[in-house]
Structure formats: C-alpha cells, structure tokens
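Below is one structure, written out as structure tokens; the observations come after it.
The values are calculated or read from the model by the stated rules, or taken from the named source; none is laboratory data. From a predicted model like this one, the values you see are computed outputs, not experimental measurements. We place every Cβ from the backbone using ideal geometry, glycine too, and count neighbours over all the protein chains shown.
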Amino acid sequence: MKTINIMVGVSVATLLVLSAAFAQKAEKPWTDWSKKEAQKILEDSPWAQTQVETDTSQSFFSPTSAPGVNGAGVTSTTGSREAQGATNQAIDIKYHVRLFSARPIREAHARQLILQQKLPDDAVERLRNFAEVKAENSIIVTVAYESNDQRYGNRVMQAFNSAVTGTLKNNTYLQRNDGKQLFLEEYVPPGKDGFGARFIFLRFPDQKPFVEPNTTELRFFAQFPGGIKIDRRFKIANMNYQGELEY
C-alpha cells in the first residue's frame, strides 16, 4: 500500500509539472512565436482548419489528342484536357478557413509579417493594435486558397473575385449545434493583404449573442455560384485563449 501511495504521488506530481509546462507554453506571448508556431495557428488550430479538394481525374497519363485524331476517343476528361492541357497528376485545392475575428489568428498574421521583413516601429505598433483588439460587433471568417496547379487556382480566384454579398447571402451562414443559422451580412473579396476573402456576420443579431453559453460547435458553410462549397466545423470548447473565449 505504501508503494502504491508513493507511485500515485509521483504520478500526480508529474501531471502537475506537465500541466504547468503546458500552461506556460500556451501563454507564450505571440510576439515570441516562431514562424512555425504562427503557421500552425493559421492552418491547424481551434480557430483554423484546412479543407482539401482533390481532383484525381487526370492522375494518369493519356495522350491529349483531339477526339478522332490518331484514334483518340472521347472521355469524361477530354473537354478539360483540351481546354487547359493535361496535368497528369492529382490536383489539390486547399481552402484555409480561419476565424479572423479571433485574436490568435490576427496575432499569427501579424507575427508572420514581422518575421518576414524589417518593419519600422510605427508599423509594428499598428500591427500590434490590429492583432490585439477585441472583436466587438462582428464574427469574421476568412478563406484563403492555394493549389498545386495554377490553372485550377485561377478558377477559384475568379469565383472569389466575382462573388458579391447578394450572390452569396442565401447560401452562406454560420450554424450552431442546435441548428440555428446566422446568414451572411457582408462579403469582401480577397485583397492585397493576403488574408483571403472575408465573410462578415453579426455577432449580436437581435441584440443577443449568436454564440450562447450552451453552444458547443460553430459551423461555417459557403457555396459559390459554380459549385465551390466550403464546410468546416469549429469546437467552441477549444477556443479559450488567455482566459477568454475567442471566435
């Protein structure tokens, strides 16, 4: 029994040490984040997810002759190959979906900008203000994209740049785990800042917070004309940051 008590005591002590170490790491100031740490916040964190769409229709080589030329037949990918040429590889489009109104996302963006270039003190101070201000009236989701094939990326760019609030409003929403939906208030196409397209929602519709104390999940759904769909779910319980819920 004495041996068991000693072992339990050691285990508890070990857990306390590990918990303290984790808490210290979690509260590391964003101004000290490495490039890798900032990137993880932007790609794989409670406030950021990546949706990957893969087109495998052109993964295998076949000649790109016009139908009927040299015996070439018509296949399901013939039209695509004629229009843009064969890729002969799987094409990935990655959509980086981020809760931009959450401080950790803006802090990660700011940290990357600071690490990428030598900025004057006044620019750093402006970035600090941008990163640390609390969101008051809006929930903002940003979507950035990348592809291993420029032609496919150009399709997405065209869809994002040509979309307007009116064409997205009825098919873009935030949804709570109880099924309650909050539809898009405003859409802003991607700009030169590199943050991606902005989807803006009211934080307090009808003067009440959309995210309630019993909300456990927040789903973002958007459908563009032409068929692009983005669908990601975020767990509210994981969004605590520096003692506050950030979303």
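Annotations for the structure displayed:
- Condition check for PHE195: of a type in the set (Phe, Trp, Tyr) and in contact with an Asp or Glu (Cβ under 6 Å, 6 or more places away or on another chain): no
- Taking the criterion of being surrounded by 12 or more Cβ atoms within 10 Å (Cβ to Cβ) and either without any contact (Cβ under 8 Å) to a residue 12 or more places away in the chain or outside the structural domain of ALA144 (by TED's automatic domain parsing) (or both), the residues of segment 211-244 that qualify are LYS229, ASN240.
- Test: LEU127 is in the same structural domain as ASN214 (by TED's automatic domain parsing), hydrophobic (A, V, I, L, M, F, W, C), closer than 24 Å to THR31 by Cα and without any contact (Cβ under 8 Å) to a residue 12 or more places away in the chain: no
- Segment 163-199, residues that are closer than 14 Å to GLY226 by Cα and without any contact (Cβ under 8 Å) to a residue 24 or more places away in the chain: VAL164
- Set PRO190, PRO209, PRO213: member being in a loop (DSSP other than H, G, I, E, B), touching a helix residue (DSSP H, G or I) at 6+ places or on another chain (Cβ under 6 Å) and either farther than 30 Å from LEU115 by Cβ or modelled with pLDDT of 95 or more (or both): PRO190
- In segment 193-206, the residues that are crowded, with 17+ Cβ neighbours inside 10 Å and not in a strand (DSSP E or B): PHE195, GLY196, ARG203
- Checking each residue in segment 124-162 for being over 14 Å from ASP55 (Cβ atoms) and of a type in the set (Asp, Glu) picks out GLU125, GLU132, GLU136, GLU146.
- Residues in segment 124-155 that are over 24 Å from ALA102 (Cβ atoms) and either part of a loop (DSSP other than H, G, I, E, B) or at pLDDT 95 or above (or both): 2 in all.
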